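Peer 1: Have a look at this one before I ask anything.
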Amino acid sequence: MTFKQSEVDELLAACHRRCCVCHKHCGFKMETDHIKPSERDGTNDIENAIPLCFECHAEVKCYNPKHPKGRKFTENELKLHKKQWLEICKNKPEIFASVPERDVGPLEGMLLELKFNLEVAELAIDEDAYLMAGCPLKQLQYERAVSEGVLILLPDTLRKKITEAYIVIGIADSYNSMCISIGPSGSAFDYARDKQIATLRSSVDIINGALSELKSFLKIEGDE
Ligand SMILES: [Zn+2]
């Protein structure tokens with residue numbers, strides 16, 4: 001089911017741990033994907049491996065022929081991307097002399113954003129939860145994943161869990177905005193704050209569910 005480690009090491013070094021399709025530097029957030037999937041008798045020969053970033057991996061894996069959007073990556077095209085990139089890495093190493101900033105892709109961004117929101121939500125379980133009034137949640141990476149067309153590529157179960165998490169995050173954030181606009185006292189404030197805390201508490205399991213589904217999709221094991 002997996003490629004030989006020593007061959008993977010060589011391949012990752014040869015591509016400078018940059019995605020063969022978009023050329024982004026990935027660090028450990030990288031997949032060595034099967035060009036021809038194992039379900040279709042793709043082998044574990046290193047010739048059948050292509051290093052990809054999470055986003056390109058999602059695009060390659062999750063193309064839905066029932067709802068065709070854009071143009072599907074073919075196996076042949078993937079081979080060409082790999083060949084082309086490895087040739088550039090080998091013959092033009094000067095391009096790595098000035099190392100560009102590592103760009104965080106929308107899926108990685110969403111993973112970090114969900115973790116932040118989870119930490120805020122977990123603080124609301126404490127007895128000091130009333131201090132949470134005024135702490136906003138983050139939704140920027142979700143919006144980015146929607147606008148960059150990544151969310152629509154994800155498997156239905158994962159997309160549903162992520163959407164549920166961001167719905168409850170959105171509700172908690174609305175109560176938070178209410179707290180801020182009402183000001184720090186009075187019964188209306190107490191109402192909004194209690195609602196915010198209750199929503200945050202109920203969001204912990206939902207956000208955790210989305211996080212673990214996203215991690216298993218990205219093949220991140222355990223917690224780093
Ligand atoms: Zn990529």
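Peer 1: Can you tell me the mean projection area, over all orientations, of the convex hull of the range 5-96's alpha carbons? Units nm², please.
Peer 2: Result: a mean projected hull area of 6.3 nm².
Peer 1: Ok, one more. If each Cα of the chain is one equal point scatterer, what is log10 of I(q)/I(0) from the Debye formula at q = 0.08, 0.09, 0.18 Å⁻¹?
Peer 2: Those come out to -0.39, -0.48, -1.25, one per q.
Peer 1: Oh, and also: Once you put a point 7 Å from the Cα of Glu47 and another 7 Å from the Cα of Ser6, both along the Cβ direction, what distance in nm separates them?
Peer 2: Taking the two extended label points, one gets 2.0 nm.
Peer 1: Can you check how the C-alpha radius of gyration of the range 117-189 compares to 2.2 N^0.38 Å, as a plain ratio?
Peer 2: Against the empirical 2.2 N^0.38 Å value, I get 1.32 for the range 117-189.
Peer 1: Sequence-distant or interchain residues sharing an amide H contact under 5 Å with Ile35, placed H: which?
Peer 2: Sorted by chain and number, the residues that satisfy this are Ala49, Ile50.
Peer 1: Just need the relative contact order of the chain here, percent rounded to a whole number, with Cα pairs under 8 Å and 6+ apart.
Peer 2: Here the relative contact order equals 18 percent.
Peer 1: Placing unit charges on C-beta atoms (Lys and Arg positive, Asp and Glu negative, everything else neutral), compute the dipole magnitude of the chain about its Cα centre in debye, rounded to 20.
Peer 2: On the way: 29 positive and 36 negative charges, 185 e Å.
Dipole size: approximately 900 debye.
Every read-out reported here was derived from the displayed coordinates using simple, explicitly stated rules and does not represent laboratory data. Source: prediction; values computed, not measured. Counting neighbours? That spans all protein chains shown, and the Cβs are built from the backbone with ideal geometry, glycine included.
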